[in-house]
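Only one structure is covered here, and it is reproduced in the block below.
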Amino acid sequence: MPSTQAQWDGWLAKSAQLVADLAALDAAGKRDERNALIDANSAHCGALKEWLLTLSTGKCWVSEVRELYSYYDVEHFRPTKVAKALDACLRDGYWWLAFDCMNFRGCSNVGNRKKDGWFPPAQAAS
């Protein structure tokens, strides 16, 4: 986490601007550009990596193991560009959560790759 309130406020302001930019691209039907903006600003999310690892006591969010040999990533709990359902069909991701710190998790690179874009929504009971 940024070390001062001013730095944290700056991080939040940049996040809000990025989400506004994403919304404008989405409204214009520019999905590829929207997803490119997410990729181009991954360092903004990565700025919170140490904070996330402190919250998880150094454990991977996926495996709950303190992995000493892997590189850690900032993973999005809800995938931001594309999400896979139980039947493996693809749908648009949760792009509006791309810069929401509540959607971030500290994850070892193996767990991050295995999770991929799987995020099946709950099926309604029939």
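In table form, for the structure just shown:
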read-out	value
Pairs with Cβ under 8 Å, 6+ apart, first in the stretch 23-41 and open to solvent by 60 Å² or more (accessible area, probe 1.4 Å), second modelled with pLDDT under 95 and outside any loop (DSSP other than H, G, I, E, B)	R31/D92
Condition met for L68 (open to solvent by 40 Å² or more (accessible area, probe 1.4 Å) and either more than 12 Å from F99 (Cα to Cα) or basic (K, R) (or both))	yes
Qualifying residues in the stretch 71-97 (those that are open to solvent by 70 Å² or more (accessible area, probe 1.4 Å) and among the hydrophobic types (A, V, I, L, M, F, W, C)) - the one farthest from the chain's Cα centre (by Cα)	L86
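The values are calculated or read from the model by the stated rules, or taken from the named source; none is laboratory data. These numbers were taken from a predicted model, which means no experiment stands behind them. With ideal geometry, Cβ positions are generated from the backbone for all residues, glycine too; neighbour counts draw on all protein chains shown. Protein only, heavy atoms only, side chains kept; ligands, DNA and RNA dropped before computing areas. Shrake-Rupley method; radii C 1.70, N 1.55, O 1.52, S 1.80 Å.
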